[in-house]
Amino acid sequence: MNHSPANAERSHPGSHGGRILVIALHAFTQLVRMRVFYFLAVFAVIAIGSNFFDLPQHAGPETAGVNVLHAIKSWSLGTMTLFSVVLAIVATALLLPKDVEDRTLYTILAKPVPRLDYLAGKLLGVLLLLVVSLALMDLLLAAVLQIRTSILLGQLMDIANARGWALDEVASQRAELLTHGPNWSLQGAVVAVFLRAAIMAALALLISTFSSSTLFTSITSFLVYFAGHFQADARGVLLDSGAGGHGPVARVTGMLVALVLPDFQLFNVIDAVIEGQAMPLILLGQLAAAGLFYVVFYTLASWYIFAEKEF
Amino acid sequence: MPLEVALTGGLRAAGLFPPPLGIDTRDKIGQTSAVVALGGLRTLVASFLNLRWLTFFSERRWDDVHATFNTIVDLAPRTVYYWETGAWNQVYNAAAYYQYDSQLPPLRRSEAWRASVLRGREFLERGIRNNPGDPQLNEYLGFVLTDRHKFQAFRDPDATFAAAAAAYGIAADSGKALPKVRRFQLYALARVPGREAEALVLARSLYQNPGNRTPTLQCVCFALEVHASPGVVEPHALALSIFGSAAEARESLARYWLRVGERFPVHGVATALHALEEDLGIPPDKSIFHQAPTPPPDDE
């Protein structure tokens, strides 16, 4: 039977969206039953615990405490990155082998379900899990930051009243403090965390279509993840290296490397946000476009391999 | 990918793209941390290391504290707190340790104290180069350079006060600093020989706002006005006009006079004090000129 992408959709009546949603919800439920949300307890401990890293410093009373806001963001966003990437890779790597092991895959494919719908549904299920997990972590982070920022704002106002600061001085100090509190740039950073995890989920899905084990998929995905952080450097070296560095072969090779290994350094914008930089919406949009491109590309590549696979 | 190249440019322009991690930093933080840092968790590794310096701090291992901060700022170069804390440890904690607590012979103590202060300054200036125009770092540099217990370490006081005035100026011009920073700029500028006229313009402008009329600012204003018109301005009358009363003028100028070690301009101060003490009937044995200079309390 030929399942090639070109004619795979012909004899499958019904809505693609509906089928994908059913499979996605099933995959989501399947993952939730694996008790993945337990890690939220660990995150809560980290987010609340980071409040107590009030290290010695020389800062005056008007800026004291800002380092705690920095610590909360750093620990929490770091943990979110770690959890989301691990979750994306491991959850996706588990799904296909588990369906084969449970023989669910045969039941599904015996029905008029296009293989693309099956893959897209599985991926969407993992992405749904990531969205829910990150939303819960984001909520907790925002709450902890909000409480701490309010305390610091109260202290700032006390100092301002005691020293008789002018209104514009108070406004300037308040605005400076708020750049370290919960704001839209922080939400942008959480979106960047999600995009990186989404790419990893799509990549793990691609690897799992030809991999023979969950372990192989996970290890290879993690390797690609780390290699992706060197991609831009490696490509730069290739293009700038002596003979032929600027030739068409080098450029095509560079493009292929970029296609296989996403430039994950782009998603390190979270570091700058933790350090108090603002994230323009346009850049977040471009980052989302880059993320979407990789997710779609890996999903289509997965389909291409999976469509030819015999079970 | 063209999109990635464009995005990299955009992120770099917005200051959101982290500088590459140096090979020496990768070596210093170890293989595991390097992998974690390269995996997009640089600030998290920096936060871990930020806990480590406290151990070195409590064990008074100042070289290790400095090395740790060098690594931390390589990982998170835009976090002002790390630059400030790293500099503070060298300029104050390490320097004070070498001066008072170490087992070194006196000459070596002084050398170690100075080296530590200079190392802190160099670290802070590197922080400013990494965060150009940052008000907090510039304010802190100005503070270190004008600290009466530290500026002797920099050997050339004129250049030191000029650098402090420039740093305070950058902080004040950012619009994010408190008004005291502009006053501090004046205090530094007033101590640079040859720039008294520039300082006087700033002093007059600050004096317009009653909120700025702290005793130090009034005294600096007084000295600069006398310097600008020697023989024309009568110090006694000027003191009464600036401070409002003879008692207030004598109190503020006397305290200012005792801050000799801080190299503030004192043009006309002695003349005014003699006249004011005569006005107030202060006996010669209670005169300020019979008191040993003692450090007065700080004021802003």
Please go through (1) part of a helix (DSSP H, G or I); (2) open to solvent by 50 Å² or more (accessible area, probe 1.4 Å); (3) more than 14 Å from every other protein chain (Cβ to nearest Cβ) for A:F297 and return the number of the only condition it doesn't satisfy. (3)
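Going by the conditions given, is A:D138 open to solvent by 10 Å² or more (accessible area, probe 1.4 Å), within 14 Å of another protein chain (Cβ to nearest Cβ) and assigned to a helix (DSSP H, G or I)? Give the derivation first.
Details: open to solvent by 10 Å² or more (accessible area, probe 1.4 Å): yes; within 14 Å of another protein chain (Cβ to nearest Cβ): no; assigned to a helix (DSSP H, G or I): yes.
So A:D138 fails the test.
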Any residue that is in a helix (DSSP H, G or I), free of Cβ contacts under 8 Å to residues at least 40 places away in the same chain and surrounded by fewer than 15 Cβ atoms within 10 Å (Cβ to Cβ) - is there at least one of those in the stretch B:128-145? yes
Looking at the stretch B:82-97, is at least one residue touching an Asp or Glu at 6+ places or on another chain (Cβ under 9 Å), open to solvent by less than 40 Å² (accessible area, probe 1.4 Å) and farther than 19 Å from B:F154 by Cα? yes
Reported set for the stretch B:57-81 where residues are open to solvent by 30 Å² or more (accessible area, probe 1.4 Å), assigned to a helix (DSSP H, G or I) and more than 11 Å from every other protein chain (Cβ to nearest Cβ) is B:D63, B:D64, B:A67, B:N70, B:D74
Pick out, from the stretch B:213-264, the helices (runs of 4 or more DSSP H) lying fully within it that include 3 or more residues that are at pLDDT 95 or above, at positive phi and open to solvent by 20 Å² or more (accessible area, probe 1.4 Å). none
Please give the number of the condition B:L54 fails out of (1) open to solvent by less than 40 Å² (accessible area, probe 1.4 Å); (2) closer than 26 Å to A:M80 by Cβ; (3) modelled with pLDDT of 85 or more. (1)
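Given the criteria closer than 20 Å to A:D271 by Cβ and modelled with pLDDT of 90 or more, does B:Q136 qualify? Before you say what the answer is, go through the steps one by one.
Details: closer than 20 Å to A:D271 by Cβ: yes; modelled with pLDDT of 90 or more: yes.
When the stated conditions are applied, B:Q136 passes them.
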Which one of the conditions (1) within 21 Å of B:A153 (Cβ to Cβ); (2) within 21 Å of the chain's Cα centre (by Cα); (3) open to solvent by less than 60 Å² (accessible area, probe 1.4 Å) does B:R119 fail to meet, given that it meets all the rest? (3)
Which condition does B:P20 not pass, out of (1) at pLDDT below 75; (2) open to solvent by 50 Å² or more (accessible area, probe 1.4 Å); (3) assigned to a helix (DSSP H, G or I), if it passes all the others? (3)
Report, ordered by the first and then the second residue, all pairs with beta carbons closer than 8 Å, sequence separation of six or more or different chains, a first member in the stretch B:72-87 that is closer than 13 Å to B:V45 by Cβ, and a second member that is surrounded by fewer than 23 Cβ atoms within 10 Å (Cβ to Cβ) and hydroxyl-bearing (S, T, Y). B:D74/B:T25; B:L75/B:T25
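Each row is one residue, and each column tells you yes or no for (1) in contact with a strand residue (DSSP E or B) (Cβ under 8 Å, 6 or more places away or on another chain); (2) part of a loop (DSSP other than H, G, I, E, B); (3) facing another protein chain (nearest Cβ under 10 Å); (4) open to solvent by 10 Å² or more (accessible area, probe 1.4 Å).
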site	(1), (2), (3), (4)
A:V249	no, no, no, yes
A:T253	no, no, no, yes
A:L259	no, no, yes, yes
A:V269	no, no, yes, no
A:V273	no, no, yes, no
A:M279	no, yes, yes, yes
A:I282	no, no, yes, yes
A:L287	no, no, yes, no
If we scan the stretch A:154-169, do we find a residue that is within 14 Å of chain B (Cβ to nearest Cβ), crowded, with 20+ Cβ neighbours inside 10 Å, closer than 24 Å to A:G78 by Cα and modelled with pLDDT under 95? no
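Restricting to the stretch B:98-116, what's the tally of residues that are surrounded by fewer than 17 Cβ atoms within 10 Å (Cβ to Cβ) and part of a helix (DSSP H, G or I)? Full working, then the answer.
The first filter runs over the stretch B:98-116 and keeps only residues surrounded by fewer than 17 Cβ atoms within 10 Å (Cβ to Cβ), leaving B:100-108, B:110-111, B:115.
After this cut, where a residue has to be part of a helix (DSSP H, G or I) as well, the list is B:100-101, B:106-108, B:110-111, B:115.
Number of matching residues: 8.
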For the stretch A:47-81, which residues satisfy the criterion of being open to solvent by 20 Å² or more (accessible area, probe 1.4 Å), at the interface with chain B (Cβ under 8 Å from one of its Cβ atoms) and at pLDDT 80 or above? A:W75
Number of the condition not met by A:Q187 [criteria: (1) facing chain B (nearest Cβ under 10 Å); (2) on the phi < 0 side of the Ramachandran plot]: (1)
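Kindly indicate which of A:V90, A:V86 is closer than 28 Å to A:I270 by Cα, open to solvent by 50 Å² or more (accessible area, probe 1.4 Å), within 12 Å of chain B (Cβ to nearest Cβ) and among the aliphatic types (A, V, I, L, M).
Values: A:V90 fails: within 12 Å of chain B (Cβ to nearest Cβ).
Going through A:V90, A:V86 in turn, the sole match is A:V86.
The values are calculated or read from the model by the stated rules, or taken from the named source; none is laboratory data. Bear in mind the structure is a predicted one, so any value in this text is a computation, not a measurement. Glycine gets a Cβ as well: all are built from the backbone with ideal geometry, and neighbour counts include every protein chain shown. Remember, those area values only see protein heavy atoms, side chains included, never the ligands or the DNA or RNA. Shrake-Rupley method; radii C 1.70, N 1.55, O 1.52, S 1.80 Å.
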